[in-house]
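See structure below.
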Amino acid sequence: PGPFDVVTVARFLHRPTLLELGDALAPGGLLLYHTFMEGCAHPTDPAVLLRPGELRAAFPDLDILRDDVAEIDDGRRLSMFVARRPDS
């Protein structure tokens, strides 16, 4: 389905579907991605923890608007990633 104007992911990582997310965006559409980063005390499974720079590398055709890390009150690190599909 799609294309979509906005695709959002919160606290979830399934690497095989990353490419599908970018393809689901309409021209000018936004991808908002927020999930746990490596180095968290919980969760600890590397399969569900994002590596630094991983999203930027996964979406080379998108314009990256934000790609940083925030720490929540319990000390866990979360990605703050926003990217836009170019209009053309």
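The values are calculated or read from the model by the stated rules, or taken from the named source; none is laboratory data. Computed from a predicted model, the values in this text were never measured in an experiment. Note: ideal-geometry Cβ built from the backbone for every residue, glycine included; neighbour counts use all protein chains shown. Surface areas here come from the heavy atoms of the whole protein model, side chains and all, with no ligands, DNA or RNA. Shrake-Rupley method; radii C 1.70, N 1.55, O 1.52, S 1.80 Å.
Brief remarks on what is shown
- Dipole magnitude for region 1-64: about 180 debye, using +1 per Lys or Arg Cβ and -1 per Asp or Glu Cβ, origin at the Cα centre.
- Here region 8-53 exposes an accessible surface that is 63 percent carbon and sulfur, computed with a 1.4 Å probe and the other protein chains kept in place.
- Euclidean distance of C-alpha centroids, region 41-88 and region 8-36, integer Å: 10
- Fraction of antiparallel bridges per DSSP, the chain only, in percent to nearest 5: 65
- If the chain linking residue 66 and residue 4 were pulled fully straight, counting 0.36 nm for each residue of separation and taking away their Cα-Cα distance, it would gain 20.4 nm.
- As a size descriptor, the averaged projected area of the C-alpha convex hull of the chain was calculated at 5.5 nm².
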